[in-house]
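Visitor: Here it is, the structure, as structure tokens.
Please treat every number below as a calculation from the coordinates, not as lab data. Values in this document were obtained by computation on a predicted structure and should not be read as measured data. Glycine gets a Cβ as well: all are built from the backbone with ideal geometry, and neighbour counts include every protein chain shown.
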Amino acid sequence: MTIGRDERIAAIAAETRLRDIVADRFGEAGSTLAELTALSDRRLHEMVSAQETDEISGDNYTDQQLAMLPPLAILGSLGSGNPLQHAMPRTGETVVDLGCGCGADLVLAAQAVGPSGSVLGIDVAVEMSNLSRTVAGFARAKNIRVLHSDFSHVDLPDCFADVVISNNAINLAVNVGDVVREAFRLLKPDGRAVFCEIIAGIELPKSIATDQLAFIGSIAGDLSPLEWQQALYGAGFRDVDLVVDKIYDFHEAIAPVCSMEAMHKAGKKRKELEEQFAGATIMARKPA
Ligand SMILES: C[S@@+](CC[C@H](N)C(=O)[O-])C[C@H]1O[C@@H](n2cnc3c(N)ncnc32)[C@H](O)[C@@H]1O
């Protein structure tokens, strides 16, 4: 029997509670990363060189992009893709990043739009918002602002942005429809949305689909390609496209973010999950 996303979320926690759990969890990650600001630049570069690549967040950026990023942004990168490679912001444009985390995509967007453009990051975790401001300072990017807010309801005017990006954050929303409608509202006519997210090609076993750790790991809140299309076309977007950027090894990338209990309960169904998870980029355009 299919378990819809709303049902999965209801089984994990009440909606408002789940939003708080997500904010707390990423707040803790932000606090841990903030401790690194006490280290020297040289030590941070050494840590980047020694960093073990994790399958979801490693290898997303080109060498040219990595060279533009402060080491803290690389160490704190928790994305699943490279939205800017698809969004290609132009000089003078305004970019909004939903769930900006510690700000790698903010810095890259700021470089792309230049001083005449602007970049606005939004994050629900106070510590992550503060960290991305610190990272923007390290990058000397004066055209970055960060708002501490839930990305489902952002205190910004309609038609604010040319581009709305998100990197491994919308799967964490309690209501994806609200976020997609908010992205549509924020975009100018002919504006583009580019979201990198984890998708699964198979329905998840119930124990994983309703596992809180798997939700925080951006797995249990996934949408199928059809659900992405429905959400985006339903909000008014056009030209919806989804490209698979990389297929994940289940044991390397997915199993570690699920609880032991969920994995155990999934039993034999775990075998069916091999090669079923991917990092995808979902793109859409607001009608002109
Ligand atoms: C997996 S991290 C990815 C961060 C960043 N995009 C990156 O590429 O490193 C997800 C981020 O989304 C934020 N987030 C989750 N739910 C959110 C919400 N409802 N509103 C705003 N931000 C949210 C989290 O606090 C976290 O910083």
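Visitor: So, in the stretch 99-111, of the ones that are assigned to a helix (DSSP H, G or I), of a type outside the set (Gly, Ala, Ser) and within 12 Å of the ligand (Cβ to nearest atom), which residue ends up surrounded by the most Cβ atoms within 10 Å (Cβ to Cβ)? First the steps, then the outcome.
Guide: Within the stretch 99-111, the subset assigned to a helix (DSSP H, G or I) is 104-111.
Next, from what is left, pick out any that are of a type outside the set (Gly, Ala, Ser): 105-108, 111.
Subset that is within 12 Å of the ligand (Cβ to nearest atom): 105-108.
Values: ASP105: 32, LEU106: 29, VAL107: 26, LEU108: 30.
Across the stretch 99-111, the extreme among qualifying residues is ASP105.
Visitor: Name every residue in the stretch 59-75 that is within 14 Å of the ligand (Cβ to nearest atom) and under 12 Å from LEU106 (Cβ atoms), in order of residue number.
Guide: Answer for the stretch 59-75, where residues must be within 14 Å of the ligand (Cβ to nearest atom) and under 12 Å from LEU106 (Cβ atoms): LEU69, PRO70, ALA73.
Visitor: Please work out which one of (1) surrounded by 24 or more Cβ atoms within 10 Å (Cβ to Cβ); (2) in contact with a Ser or Thr (Cβ under 9 Å, 6 or more places away or on another chain) is the condition VAL164 fails and give its number.
Guide: (2)
Visitor: What strands (runs of 3 or more DSSP E) completely inside the stretch 180-288 contain at least 1 residues that are crowded, with 22+ Cβ neighbours inside 10 Å and touching a residue at least 24 places away in the same chain (Cβ under 8 Å)?
Guide: Fully inside the stretch 180-288 and qualifying: 187-200, 277-285.
Visitor: Also, I was wondering about something else. If you go through the stretch 113-128 one residue at a time, how many are surrounded by 19 or more Cβ atoms within 10 Å (Cβ to Cβ) and either touching a residue at least 60 places away in the same chain (Cβ under 8 Å) or away from the ligand (no atom under 14 Å from the Cβ) (or both)?
Guide: 8
Visitor: For the subset of the stretch 144-179 comprising residues that are without any contact (Cβ under 8 Å) to a residue 60 or more places away in the chain and assigned to a helix (DSSP H, G or I), which member is nearest to GLY81 (Cα to Cα)?
Guide: Per the stated criteria, the residue is ASN171.
Visitor: Sticking with this one: Output the number of the condition that ARG140 fails; it satisfies all remaining conditions of (1) under 25 Å from SER40 (Cα atoms); (2) within 16 Å of the ligand (Cβ to nearest atom).
Guide: (2)
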